[in-house]
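Report on one structure; see the data block that follows.
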Amino acid sequence: MSRKFGLAGLLRVRSIQEDRAAGALAAAHRTEQTARERAAATARALGAQVTAPVADPATWQAAVAARAALSGLLLEREADEVAAAQVTAERTVQWSAARQATRSVERLAERHAQTVRVEDERAEQKVLDEVASRTPVVQP
């Protein structure tokens, strides 16, 4: 058996693919967290806005318009949050597939290393047996 693992190049490529997928997943998680925080901040701003009774109709219309704008912004940010969650789910599937592909080659590498180790031990035992058979037994 060859001492060198024949699929070492493939293992390196798969590891790189897995690392890239993990990086994309981490970026998706950050984007999702940012979208979640922005939506929560907008919801807090909308909840904190209080319409006080005003006598001036223009002031009242401005307050209603501001509240409507915040409501629209909240809907947009919630949609961004959902979209980010979908991207995260897709990236998770991609990373999982990359990890599975890498792991299958890693198992082959482990099996190869084990076989090489067994062959080395067998060869060493053969040498020891040969040395032992050559050594004369001295009897007192």
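Every number here is computed from the coordinates shown, using simple stated rules; none is lab data. If you're wondering where the values come from, they're calculated on a predicted model, not measured in any experiment. As a convention, Cβ positions derive from the backbone with ideal geometry for all residues, glycine included, and neighbour counts pool all protein chains shown.
Compute the helix-to-body angle for 8-48: its Cα long axis versus the longest principal axis of the chain, expressed 0 to 90° and rounded to tens. Helix 8-48 sits roughly 20 degrees off the main axis of the chain. Each residue of the chain gets 127 Å³ once the volume of the Cα convex hull is shared out per residue.
Residue-normalised convex hull volume from the C-alpha trace of the stretch 1-49: 45 Å³ per residue. FRET efficiency for the Ala22 to Arg117 pair, using the beta carbon distance and R₀ = 35 Å, is estimated at 0.70. Put simply, when 20-31, 106-117 are sorted by average Cβ atoms within 10 angstrom per residue, most first, you get 20-31, 106-117.
Across the stretch 14-89, Cα-Cα distances exceeding 19 Å account for 53% of all pairs. Each label point was placed 7 Å from the Cα along the Cα-to-Cβ direction; for Val54 and Glu90 their separation is 4.3 nm. Cβ-Cβ distance of Ala132 and Ala109, R₀ of 25 Å, FRET efficiency by 1/(1 + (r/R0)^6): the value works out to about 0.15.
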